[in-house]
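Quick notes on the structure that follows.
The values are calculated or read from the model by the stated rules, or taken from the named source; none is laboratory data. Predicted model, so just to flag it, every value in this text is computed and none were measured. Here the Cβ positions follow ideal geometry from the backbone for every residue, glycine too, while neighbour counts run over all protein chains shown. What goes into the accessible areas is simple: the full protein's heavy atoms, side chains included, and nothing from ligands, DNA or RNA. Shrake-Rupley method; radii C 1.70, N 1.55, O 1.52, S 1.80 Å.
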Amino acid sequence: MNVMSSMIRGARRLVHADPVLLSRFLSPPLLCRAQNPTLLLTCQHNRKYASKQVKGQNKEQRNLKVKPKVDKQEVEIRQRMTVAELAQAMNKDFDHVLEALLNTPVDLDSLDPDSVLEEKWIKKVVTQSGMKFRWAKLSQTRERPNRDTHRRPPADPSSLVPRPPVVTIMGHVDHGKTTLLDSLRRSQIASTEAGGITQHIGAFLVQLPTGERITFLDTPGHAAFSTMRARGANATDIIILVVAADDGVMNQTVESIQHARRAKVPMIVAVNKCDKPKADPQRVKQELLAHDVVCEEFGGDVQAIHISALKGDNLLALAEATVALAEVLELKAELSGSMEGLIIESWTDKGKGPVTTTIVQRGMLKQGCILVAGKSWAKVRFLFDENGQVVTEAGPSSAVQVVGWKDLPSAGEVILEVESERRAREVVDWRTYEEEQQRLQKEQSIIEHKQKLHQEEYMKEKAELTHLSWRQRQLVLYRANKAKFFTRPSERTQRDGPSLSLIIKGDVDGSVEAILNITDSYDAQHQCELDVVHFGIGDISENDVNMAETFAGSIYGFNVGASNKVQKLAAKSGVPLRLHTVIYKLVEQLKDELSSKLPPLLMENVVGEATVLALFDVSMGKKVVPVAGCRVQNGQLDRRLKFRLIRGQDTVWEGSLVALKHFKDDVVTVKTGMDCGLSVDGDVTFSPGDVIICFEELDSPQVTSWDPGF
């Protein structure tokens, strides 16, 4: 052993003493080894392992030469994309597109976010960014064909025949309008020797001794006339303006004059109550001059007839004046072709179902016709005239009751005849769809406006940090939230709405930056606030758990781990640990957690609908309780649910029922077609025709509107 050691020391001294002398006796490879004494002395020892090491080194070199397959990001492109659209498709910013276009003939100074790029430059930007492109498929949105029906074009004048005038009586409610209508009805009954007439028919026909006929519309005031005019229907030919001789021109008289002038309908003034001692018809005519209504005795073209509706004086002269004006107007209509008309009044009859009073404007209305009005349709089963007699057909200007409607249409709707029931269903379906689309479009515009305002505010706050790197952003966020670390849990302020605080940990810088770019695209702050309170590199630590507990947040880790001690601490503190190795699953879980923070949506499910038919007062001890007599039209009424009272288009009351009875029995539910009486909590006044809705409130889970792009 001592001999070997001395030989080694001698060899080392020889190498260091005179390397040139040693080079004369050794070859260059051995010299190179000799310059390193350790390699020289271990050469023989390692020679027998040389072949194995070479084989292993070759295998390692081959493995190093094989490049791992990297999935390139796929960008969907299309022709005539703007710079902003291309940047959004690549999930990059505007400056990135400009950098990709460096050293190209494109004038970068002239580019703005709305500039349109050529196809070759779009491809250039994508490939230069290390991505691959694919052409977007042409999305052919299939538009639903318009299946609505419309009025026919005007007929040939040679095919028109004279028709009776349609007259609407208007005026102040206290000036005898209703009395005049009743007097005209009585005269018609006496002349035709008919028994009784159906009440509330809404229109009736008067036939003069000379044979002329006039159709009067029994409309309550001017509201129905305004509805007809708003819908573009010209159902009224002449307006009789009733003015009391003792009161003169009143507010509603002036309003009626304005309606007539807007609709360009001629007027006849009926000066009523001329039998009263204080009557002054001349004063009435002079007051009308102030509203540009000039009677014939003052050189105008408006007829003024002095009448007494209560005694029936001069009613025949009023009818003759109406016929004379109708002859001047030369009122004509077409008898052939499909029927067109207007609904004057609509209601639900106990034995007949939905019934409408209809004025025929064009064509012949016959039994078996298929009609469409608004979102309802009918196959005519019966037609009744003003005396309640069944008729088989009705011509222009006739007022008839139509029975056979599937649903009750609204007053003022235009009636059009179609060829078949299938066609009627198509029209109703289309109109329902069109109304729904208009409603959705209106709601969407409101939502987009609110989102735009929120996005502008969010981008303004985000712009303050865009010039910083992600490490600098980390420092800014830490300084901004530093004060929260030293507050007690009981001293922390609670946010008004839902919120989610995040702590993000990644294995490398690129992973953390990628996740931060995704969270920066969050645009649903109006639903749930998303706040990244901390991010960093490395495994999840106890400090991360403590910070998450402080902010009541969650920890998201990408390609990182957490020790058993950290996991137990997180479980004890109630801090969720979200560890992922695939970024798509991380984002999906983040979206699910954001959605879980949102409150459920309160959905209303309509259970039943009833119509108020009559009103009763029931004594309960010393208290008189108003009771509404109703008939269930759809579904059923359930006493345990909530109810809503609708009058016209307004909601009058909403609450619970005090009692629900069928005949004299207290019941829980009342089904379709059954009559019932109900009383409600609170001071509510019912009116015939009111609609009572029974509904239940259901919770529906809400989903975040944030779309990260994948």
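Some observations on this one:
- With all protein chains modelled, accessible area of ILE344 [1.4 Å, Å²]: 20 Å²
- Neighbour cut-off at most 13 other Cβ (10 Å), DSSP loop, GluC sites (Glu not before Pro), segment 387-469: GLU419, GLU464
- Split the accessible area of segment 313-463 by element, probe 1.4 Å, and carbon with sulfur accounts for 49%.
- Cα-projected label distance for ARG144 with GLN589, points at 7 Å along beta-carbon direction, nm: 4.2 nm
- Here's how it looks for VAL75: its modeled amide H is under 5 Å from those of LYS132, PHE133, ARG134, which are all 5 or more places away or on a different chain.
- With every protein chain in place, segment 647-710: carbon and sulfur % of accessible area (1.4 Å): 50 percent
- DSSP beta bridges in segment 279-429 [antiparallel fraction, %, rounded to 5]: 95 percent
- Selection of chymotrypsin sites (Phe, Trp or Tyr not before Pro), segment 648-709, meeting DSSP coil and at most 12 other Cβ within 10 Å: PHE663
- Each part gets one Cα centre, and for segment 567-616 versus segment 291-329 those centres are 70 Å apart.
- Per residue, the accessible area of segment 293-403 comes to 41 Å² when a 1.4 Å probe rolls over the protein heavy atoms.
- Placed amide H near GLN303: partners under 5 Å, 5+ positions off or other chain: VAL269
- Linear extension gain, SER445 paired with LEU329, 0.36 nm per residue minus alpha-carbon span: 37.1 nm
- Cβ-based net charge around PHE298, under 15 Å, with every Lys or Arg adding one and every Asp or Glu removing one: -3
- Here is the list for segment 82-121: GluC sites (Glu not before Pro) lying in DSSP coil, each with at most 14 other C-beta atoms within 10 angstrom of its C-beta, are GLU118.
- Our coupling estimate for segment 346-357, obtained by passing each phi through the Karplus curve with A = 6.51, B = -1.76, C = 1.60 and θ = phi - 60°, is 9, 7, 10, 9, 4, x, 9, x, x, 10, 10, 8 Hz, Gly and Pro reported as x.
- Rounded to the nearest 20 debye, dipole of segment 550-616 from Cβ charges on Lys, Arg, Asp, Glu: 660 debye
- Amide H contacts of GLU413: ILE343, each under 5 Å away and 5 or more positions distant or on a separate chain (H built 1.01 Å from N in the peptide plane; Pro and chain starts excluded).
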